[in-house]
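Trainee: Quick one: this structure, given as C-alpha cells, is what I'll be asking you about.
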Amino acid sequence: MVGLISALILIPLAGAIALYIGQPKNARTVALIFNALSAFYALLLWQKFDATAPGLQIAERHAWIPSIGAEYLVGVDGLSLLLVLLTSLVFPFAFCAQRLERGACALMLVMQAALYGTFTAQNFVLWFLFYEMSLIPAFLLIKIYGGENRDFAAVKFFIYTFFGSVAMLLAFLGIYFAKGTFDFATLAGLGKSGLLTGNLKWFAFAGIFLGLAVKVPLFPFHTWLPDAYQTAPTGVSMVLTGGLSKMGVYGFIRLLVPLFPNEIKIAGPWLLALVVCSIVFAPLAAWAQRDLKRMVAYLSINHLGYCLLGLFAITARSTSSLIDTQAALSGVFLQIFNHGITAAALFYFVGLLEQRRGLRGIDDFGGLMQRTPLLCGWMSVAMFSSLGLPGLNGFIGEFLIFKGSFAVAASVTAIAVLGLLFTAVTFMRAMQSLFGGPLVESCSGFSDLIRSEKLVIVPVTLLMFAIGILPQFIFNIFNATVTHMARLFA
Amino acid sequence: MNSWITSNVWLIPAAPILAALLILAFGKAARRAAAPFAVIGQLTALTMSIFAFVPTLHSHGFRSVQNFTWFTFGEQTLRIGFVLDPLAAAMLIMIALVGLCIFVFSIGYMAEDKNFSRFFAYLSFFSGAMLGVVIANSLLLLFVFWELVGLASYLLIGFWIERPSAAAAAKKAFITTRIGDMGFFLGILWLYHRSGTLLFYDGGRGCLESVGLLALGASATFIALLIFCGAAGKSGQFPLHVWLPDAMEGPTPVSALIHAATMVAAGVFLVARVYPIFLVGAINGVTPSLTVVVWIGVATGLMAALIAVAQFDIKRILAYSTVSQLGLMMVSLGVGGVAAGIMHLLAHGFFKALLFLGAGSVIHGCHHEQDIRKMGGLRRLMPVTFSTYAIGMMALSGVPFFFSGGWTKEEILHATSQWPRSHIPYYLMLVGVFLTALYMTRQIIFVFFGNRRAASEHVHESPGVMTIPLIVLAVCAILFSVVLTPAWPWLENYLTGYPARFDPHLLIQPMIIVSLALVGAGVSLGIWMYRRAAGSDPIQQAQPALFRFLENKMWIDEIYDRTVIALAAIAARFSDWMDRYVWDGLVRGVGAIGHFLARLTTGADERVINAGVDEGTVGAHGFGRLMSRRHSGQIQTYLGAIALGMLALVLLYAWLG
Amino acid sequence: MPTLSMLLVVSAALFCIGLLAALSRRHAIFILIGIEMMLAAANLNFIAFWRFAPQPAPPTGVMVAIFAIAIAAAEAAVGLAMVIAVYRHFRTTNVDQLDQLKG
Amino acid sequence: MSTVAFAGIAILTLAAALAAATLQKLMHAALSFAVMFVGISAFFFFLGAEFVGLVQIFVYIGAVAVLIVFTILLTRHDVGKVRGFNWSGVFVAVAVFGGLVWTISKTKSLSIVPQQIKPVTVQRIGELLMTNYVWPLQCVGVLLTAALIGALILVMEEKS
C-alpha cells in the first residue's frame, strides 16, 4: 500500500513516464491531468492534516540503506504542507502559462516530483536525493528549451548550484561521521548542545550555508539567477521562482537553523549584513534592468531576502521574545507562499507580453492601458501585491517579518525597509513605461486577455486578495508548527 | 438605528467600496449604471455617517469601539478594530458630503470620457478607503486604508495615463508618499514593539491609553516623528510636498479636489489621531516631536504661500494654497490647538472643494485652458461660478464673521500666539495669512475681472449638475461658521468633549482685529497691484529674478532631480554593474583559476595567457567554452587535477585535525 | 633510529617524484614508471605503519603490500601492452597527441 | 636500523627515483628505475619485511623492469623523438610534497621509534594467504589472469 505522500511523489513521476512512453499529441493536457490528480492528493493531505498537532504527521517510514543510516522517511508538518500546497498550485499555473513541448512537460513533472520529495523528506540522504533530482530537469529545461544565451545560463546554473550541493554534502558527511545519523529530528535535537567541535563545526556550517545560500539565492551567491530566469521559458521561470527557490529557504529553516543554533548566533551579524545587501541591492539592480524578466528575477531575490531577514533576525539574537519569534516565523512562512504565487504571476504576465510582442524589453512597450486595459489591470494587481500593498497577500507576510525582526535587529530592519521603497520605485517605473504614455505602434495589434488567460489569472488573483484580506486559513496550516519551532529556536 | 450603526460602523466605508467593486465587475457594460452606483454608495455612506454622528452628540467624550481578531499567528493574535468618536464622526460627515458633491459634479465633468465607469469605480474606492482611515481603531488598519488611499490617488492622478505627464505625476505621487510611508511603517513597528498592541483604544490597554503610553518611554519621540513622516508625505509637508502640485495632472477638478479636500487631510488627521503619542513627556504642551511638527508646518505654509503668488496655472495656485493651508493645520496641531487644526481641516475641506470645483467649472467653460493670464472677465459670463468662487476665496483668505475659514484661522493664530517656546511661528503665520489673501485676490482678478482675453471667448456657464454642487458647498462654507464662532464654540467643544455655552460677548476677540487688518491689507494690495495687470504680472516686471525663483517652485524639483533621484539612479546602475562585473566576475574568476591550473599542467603557457585574456573578454560564451576546454582529453591534465584535489583534501584533513 | 615521520617523508618524496614523472613527461612509458613509483611509495607506507604499530600486531601491512605488488605488476603488464598497441595505431607514444577523450 | 644506514638508503632511492623521472634517455631511466627498487627493497629488509623485499626484487627488477626495456625496444623508432618537459608538473609535485610534509610534521603521533618484533616468517604469510586472505588471493589470481589475457589481446596485430 502506497502512502499518501509517496503517492504524491509518484504521481508526477508516473506522468513523466506516461508522457515519455505514450507520446501523446497534447502533452500539456496530459500533464495538467496529472497535476489535477496530484493537487487532489495534496488537498487530501491537507484534509487529513491535523492543524493543531505540532510534530510530523502522516509519516511513512521504511528501511532503505540501514548501514549508512539512510531510510525512507517522509512526512509533513505545517511548513511542509504549505510548500506541498504551493507546489501543487504553481505547477498547474506554469503549465497553463505556456504550451510546452512534450519533453519539457515530462521534465517539469520530474521536477514537481522532486519538489514534493524535498518538502516531505525527513532524512538527509533522501532529502538530498530529491534536492539534487530537481536540479537535473531544471538544467535540461534551461539548456534545451531556453532562449538566447541558454547554454551559458544553464551551465552556470548547474555548476553554481552543484557546487553548493557538493559543499553541503561534504558538510553532512562530516556530521554523519561525528553523530552517525541522518535523521532531521534527531539532529535537530542534538543541535542545541553543539553537533560538532573545533574547526569542523565551522566547515560544516559553511558548507550547508553555501549550498542553501546558492539555492535561495542570497547575495552575493545570486548571479546565476538573473541569467537562468531570463533565458528559461516562462513556465520554467515560474516554477524556478515559485518552487525551486523555496527549497533553499526551506533548507535554512529545516536544516541550518536547528542544526547550528549556536553558530548562527555568532555568525548572525554577518548573515544579516548579507541579507540586507540582498534586500537593498537586488531591487536597485532590478531598477536598472531593461529586460522585464530580469527585473522580476532581481525582485525575486529581494523578496526571498525578506524571508531570510526574518529567520536570521530571530535566530541570531538570543534575546528575541516569543511573540517576535512567532511573528517572524509566521511572516517567513507566509512570505514563502506569497512569493511563490506573486512572482509566478509576474513571470506569467511578462510571458503574456512576450507572447504578444515577441520581445520583453521595458522599452518595447508603451501605452498598453489604452489597448489592453484588462491585462494591465490584472498585471498591476500582481505588481502591487509584490510591492506589499495592504489588502493583497504581500503585505501581511512582510509586516510580520518586519515586526519580528525589528524587535531584535532594529537598525537592520530600518535599512531593509529601503528595499520596500526600491521595489515600489522599480514597479512604478515599469508601470509608467509599460502602461503609460501614448500607445506604441508595435503594440497596437495586441489582443486583450482572452478567455483561457482569464481563467488562469482570475483564481490566482482572487487567492492573492483572499490571503491579503482574510489570511487566517493560511495561518491555520502552520500555526502549530510555528509555535513548536519558536520554542525550539528560543 | 443609531446604536446599530455604532456597532457596525465598518459599513460606512464598505458601501462605496462595494459600489466600486460592482462597477469594476460590470466593466464597460456598466457605463450608464456607474454613476448611479457610485452616487448611491456615497449617499448610503453619508446617511450612515449622519446616523453615526447622532449618538456622539448624546454624551460628551463619546467613544464606541469594536475590536476583533484579524488573524492568529502562532499563539499570538493580531487585533484590529473600528472606533467612532467625535473626531471620526466629524470627519466622516465632511468626507462623505464633500465626496458626494464631487461625485455629482463629475457626472457632468467626465460625461465625455471613454473610461467613465472606471473613473467612478476609482472615486468610490477612494472614498471608501478614506472613510476607512477615519474610523480605524488600529494603527495597522489605519495604515492599510492609508495605503489604499495612496493607491486610489495613484490611479486617479494617472487616470489619463496615456499622457506621459500624468503617468509621471502618478508615479511621483506614489513614490513620494511611499517614502513617508516607510517612515510611518517603521513607526508602526516600533510602536508595536514597545507597547505590544496597535489598537488605539482597547479598554485601557490600547496604545493611546495610559498603560500603552507609559510603555513607550523615551522612544515616544522617535515613534511620533516616524509617524509624522507618513503624515508629511500624505499631507504634502516640506520636504515631501513636491508631488502635490504635480498631482493636478489628474482629471481636472475632481482628482485635484480629492488631493485638496480630503486625502491630504489624512496626514493632519493622523497626527490628531495619535496625538497622545506626540504628547508623551510634554512640558507645558511642548515636546521635541511637536516642535518639529510646528517648524515643518511653518516652513511648508510660508514656502507654499510664496510660491503660489507666482503661479499662472489656476489649479497650481490652488494646489500650493492647499499645501500652505496644510502647513497651517500642522502648526496648529504642533502648538497644541488640536481642535483648531481639525476645525480648519473640516472647514478647508468645504471651501477648498468649492474652489477646486469652481476652477473646474472655469476650465470646463474655457475649453480646458488653465492659464489665468489667458482668462479674464468671466464674472458676467459665469455668474454662478463667480459668486461661489468668491465665497470660497473669502473663506480661504480668512475674511472673518461670515466665512468658516476666518473663524478657524483665528483659532489657529490664537493657539500659535500662545505657544510657549517661540513667537516666530506666530509672526510667520501672519505673513502667511497676508500672502494668502494676496494670491487669492490676484487669482480672482486675473480670472473674473478685467477684459476678456484669448480663452474667455465663447465661454458659457456650466450645466446644473456642476453648479449645484458649487452652490451646496458655498452654503456649507458659510453655514459651517455657525458652529465655529467663539461665541458658541460648539464644534471645538464637541471635539474636545466639553459642553458648549452660548456667550455673545466672546464674539469679538482681539485676534479678529489683527486678522481683519491682515486680510484687508492683502486684498487691498492685491487689488491695487493687479487691477491693471492685463496678461502679465507686476511682480514679474518689478522683480524678475525673485519671480522666476518662485515661479520655478524654488527649484526644489530640480534640486531633487540632481541629488536624491540622481543618486538613487546611480546606486541602481552601480548595483547592476557590481552584479554583472564584480560578483559575477568573482564567480567567473574562480572558474578561471580552475581553468588556469588545468592549463598550467599541460604547460601551454601561451595558451594559458591567451585563454586568460579570452576569459576576461568573451563574456557570454566564455564559460561554456571554458567548461569544454577544461576537458582537454589529456590524461595528464586529469591526473594533475586529481593530485591537486587530493592535496586539498589532505590539507583540509590536517586543518580540521 | 629513524622515526616514523622520517620514513613517511621519504615515501612522500618518492610519491611526488612519481607524480612529477607522471605529470611532466611526454612519453607514455615515463608515465607508467611514475605510477609504479607512486605505488612503491604507498607500499613503503604500509610496511612502515605496520612496523611502527604497537606490538604485537597482525601483519596486515605486509599482506596488503604483497597484494599491491601483484596488482601493480598486472597494471604494468597491461599498461606496457597498451603503449605498444597505441604506438602501433598512432605511431607515437607522445601523450600530448593522444586526446581522444577531449570534450 | 641505524640512522646512517637509513640516510644512505634514502639518498640512494630518491636519487635513483629522480634520475628515473628526469633522465632524457629512456633506457637510462629504466635502469635507474631498477636501482630505485633495490633501494625500496632495502627499506623493506630493514623494516623486517624480508619477504616483501624479495618479492619486490623478483617482480620489479626481474619482471617489470625487463618488460619496460622490451617495450622501449619495440617502440624505439619513437624514443628519440618524444621530448619536452612539462614544468607545471613540477609545480604540482612540489605543492603536493609540501602539503604532505606539512601534514606529517603537524601530526604529533608520528615521531615514534619502532618496538622489537617477531619477524614475519614466510610460513606465516602462507598460512594467512590460505586462511584470512583467501578471497583477496583468489581475486588477485583472477586479476592476473585477466591482465595476462588482456595484455595479449592488446598487443595482437590489428586485423584489416
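The values are calculated or read from the model by the stated rules, or taken from the named source; none is laboratory data. The shown structure was predicted, so the numbers you read here are calculated from the model rather than taken from an experiment. A quick note on method: Cβ atoms are made from the backbone with ideal geometry, for glycine too, and the neighbour counts reach across all protein chains shown.
Trainee: Regarding residue A:424, is this residue among the small types (Gly, Ala, Ser), within 9 Å of chain B (Cβ to nearest Cβ) and either over 22 Å from residue B:173 (Cβ atoms) or in contact (Cβ under 8 Å) with a residue 24 or more places away in the chain (or both)?
Mentor: Yes, satisfied.
Trainee: Specify which of the listed residues (B:345, B:357) is crowded, with 24+ Cβ neighbours inside 10 Å and closer than 25 Å to residue B:296 by Cβ.
Mentor: Matching residue, one of B:345, B:357: B:345.
Trainee: If you go through segment A:256-265 one residue at a time, do you hit one that is crowded, with 23+ Cβ neighbours inside 10 Å and in a loop (DSSP other than H, G, I, E, B)?
Mentor: Yes: segment A:256-265 contains one or more residues that are crowded, with 23+ Cβ neighbours inside 10 Å and in a loop (DSSP other than H, G, I, E, B).
Trainee: Would you pick out the residues in segment C:12-37 that are touching a residue at least 40 places away in the same chain (Cβ under 8 Å), within 7 Å of chain D (Cβ to nearest Cβ) and surrounded by fewer than 21 Cβ atoms within 10 Å (Cβ to Cβ)?
Mentor: Going residue by residue through segment C:12-37, those that are touching a residue at least 40 places away in the same chain (Cβ under 8 Å) are C:26-29, C:31-32, C:35-36.
The next check asks that each one be within 7 Å of chain D (Cβ to nearest Cβ); those that pass are C:26-27, C:29, C:36.
Scanning segment C:12-37 gives a single hit, C:26.
Let's see how each residue does on (1) farther than 18 Å from residue A:305 by Cα; (2) at pLDDT 85 or above:
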| residue | (1), (2) |
| --- | --- |
| A:375 | yes, yes |
| A:405 | no, yes |
| A:415 | no, yes |
| A:424 | no, yes |
| A:441 | yes, no |
| A:446 | yes, no |
| A:449 | yes, no |
| A:470 | yes, yes |
| A:476 | yes, yes |
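Trainee: Just to be sure I understand, how many residues within segment A:18-44 are part of a helix (DSSP H, G or I) and in contact (Cβ under 8 Å) with a residue 60 or more places away in the chain?
Mentor: Residues meeting the conditions: 10.
Trainee: Go through segment B:526-585 and give me each residue that's within 13 Å of another protein chain (Cβ to nearest Cβ), surrounded by fewer than 16 Cβ atoms within 10 Å (Cβ to Cβ) and charged (D, E, K, R).
Mentor: B:573, B:580
Trainee: While we're here: Go through segment C:38-70 and count every residue that is of a type in the set (Gly, Ala, Ser), surrounded by 19 or more Cβ atoms within 10 Å (Cβ to Cβ) and more than 7 Å from chain D (Cβ to nearest Cβ).
Mentor: Result for segment C:38-70: 2.
Trainee: Something else now. Could you tell me whether any residue of segment D:25-48 is in contact with a helix residue (DSSP H, G or I) (Cβ under 8 Å, 6 or more places away or on another chain), over 20 Å from residue C:12 (Cβ atoms) and of a type in the set (Phe, Trp, Tyr)?
Mentor: Looking for residues that are in contact with a helix residue (DSSP H, G or I) (Cβ under 8 Å, 6 or more places away or on another chain), over 20 Å from residue C:12 (Cβ atoms) and of a type in the set (Phe, Trp, Tyr), one finds at least one in segment D:25-48, hence yes.
Trainee: From the list A:235, A:243, which one is among the small types (Gly, Ala, Ser), in a helix (DSSP H, G or I) and either more than 18 Å from the chain's Cα centre (by Cα) or farther than 19 Å from residue A:121 by Cα (or both)?
Mentor: Selected residue: A:235, the only one of A:235, A:243 that is among the small types (Gly, Ala, Ser), in a helix (DSSP H, G or I) and either more than 18 Å from the chain's Cα centre (by Cα) or farther than 19 Å from residue A:121 by Cα (or both).
Trainee: Ok, one more. Could you list all residues from segment A:272-308 that are buried (at least 24 other Cβ atoms within 10 Å of the Cβ) and over 29 Å from residue A:362 (Cα atoms)?
Mentor: Passing the criteria: A:272, A:308.
Trainee: Please tell me if residue D:97 is in contact with a helix residue (DSSP H, G or I) (Cβ under 6 Å, 6 or more places away or on another chain) and either free of Cβ contacts under 8 Å to residues at least 24 places away in the same chain or not assigned by TED's automatic domain parsing to the domain that holds residue D:148 (or both).
Mentor: Judged against the criteria, residue D:97 is a match.
Trainee: With the structure loaded, tell me whether residue A:454 is at pLDDT 80 or above, part of a helix (DSSP H, G or I) and away from every other protein chain (no Cβ under 11 Å) or whether it fails that test.
Mentor: yes
Trainee: So, one more: Mind listing whichever residues of segment B:431-452 are surrounded by fewer than 19 Cβ atoms within 10 Å (Cβ to Cβ) and in a loop (DSSP other than H, G, I, E, B)?
Mentor: Matches in segment B:431-452: B:449, B:451, B:452.
Trainee: Among the listed residues A:73, A:141, which satisfies the condition of being surrounded by 21 or more Cβ atoms within 10 Å (Cβ to Cβ), in a strand (DSSP E or B), modelled with pLDDT of 85 or more and away from chain B (no Cβ under 14 Å)? Show your work before the answer.
Mentor: Values: A:141 fails: in a strand (DSSP E or B).
From the options A:73, A:141, the qualifying one is A:73.
Trainee: A follow-up question, please. Looking at segment D:24-129, what helices (runs of 4 or more DSSP H) fall wholly within it and have at least 1 residues that are at the interface with chain C (Cβ under 7 Å from one of its Cβ atoms) and in contact with a Cys (Cβ under 6 Å, 6 or more places away or on another chain)? Steps first, answer last, please.
Mentor: Details: elements: D:26-46, D:50-56, D:65-74, D:76-79, D:87-106.
Of the helices (runs of 4 or more DSSP H) lying wholly inside segment D:24-129, those with at least 1 residues that are at the interface with chain C (Cβ under 7 Å from one of its Cβ atoms) and in contact with a Cys (Cβ under 6 Å, 6 or more places away or on another chain) span D:87-106.
Trainee: Condition check: of a type in the set (Lys, Arg), touching a residue at least 24 places away in the same chain (Cβ under 8 Å) and within 14 Å of another protein chain (Cβ to nearest Cβ). Does residue B:79 satisfy that? Walk me through how you get there before you give the answer.
Mentor: Details: of a type in the set (Lys, Arg): yes; touching a residue at least 24 places away in the same chain (Cβ under 8 Å): yes; within 14 Å of another protein chain (Cβ to nearest Cβ): yes.
Here the answer is yes, as residue B:79 does meet what is asked.
Trainee: Additional query: Inspect segment B:60-69 for any residue being surrounded by fewer than 24 Cβ atoms within 10 Å (Cβ to Cβ), within 14 Å of chain A (Cβ to nearest Cβ) and not in a helix (DSSP H, G or I) and give the result as yes or no.
Mentor: yes
Trainee: Looking at segment A:287-298, can you tell me whether even one residue there is in contact with a helix residue (DSSP H, G or I) (Cβ under 7 Å, 6 or more places away or on another chain), in a helix (DSSP H, G or I), farther than 26 Å from residue A:355 by Cβ and basic (Lys, Arg)?
Mentor: Among the residues of segment A:287-298, not one is in contact with a helix residue (DSSP H, G or I) (Cβ under 7 Å, 6 or more places away or on another chain), in a helix (DSSP H, G or I), farther than 26 Å from residue A:355 by Cβ and basic (Lys, Arg), which makes the answer no.
Yes/no matrix, rows are residues, columns are (1) in contact with a helix residue (DSSP H, G or I) (Cβ under 7 Å, 6 or more places away or on another chain); (2) in a helix (DSSP H, G or I); (3) closer than 25 Å to residue A:395 by Cα:
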residue: B:180; (1), (2), (3): yes, yes, yes
residue: B:184; (1), (2), (3): yes, yes, yes
residue: B:192; (1), (2), (3): yes, yes, yes
residue: B:201; (1), (2), (3): no, no, yes
residue: B:208; (1), (2), (3): yes, no, yes
residue: B:214; (1), (2), (3): no, yes, no
residue: B:218; (1), (2), (3): no, yes, no
residue: B:221; (1), (2), (3): yes, yes, no
residue: B:226; (1), (2), (3): yes, yes, yes
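Trainee: Any idea which of A:388, A:377 is within 11 Å of another protein chain (Cβ to nearest Cβ), within 24 Å of residue B:161 (Cα to Cα) and not in a helix (DSSP H, G or I)?
Mentor: After applying the criteria, what remains is A:388.
Trainee: I'd like to verify a number: residues in segment B:95-154 that are farther than 16 Å from residue B:265 by Cα, among the acidic types (Asp, Glu) and touching a residue at least 24 places away in the same chain (Cβ under 8 Å), how many?
Mentor: So the count comes out to 1.
Trainee: Which one is nearest to the chain's Cα centre (by Cα) among residues in segment D:130-152 that are in a loop (DSSP other than H, G, I, E, B) and facing chain C (nearest Cβ under 9 Å)? Can you show your working first?
Mentor: Residues of segment D:130-152 in a loop (DSSP other than H, G, I, E, B): D:131-133.
Checking which are facing chain C (nearest Cβ under 9 Å) leaves us with D:132-133.
Values: D:132: 25, D:133: 22 Å.
Residue satisfying both the conditions and the ranking: D:133.
Trainee: Still on this structure, please answer the following. Take residue D:3 and tell me if it is surrounded by fewer than 19 Cβ atoms within 10 Å (Cβ to Cβ) and modelled with pLDDT under 85.
Mentor: yes
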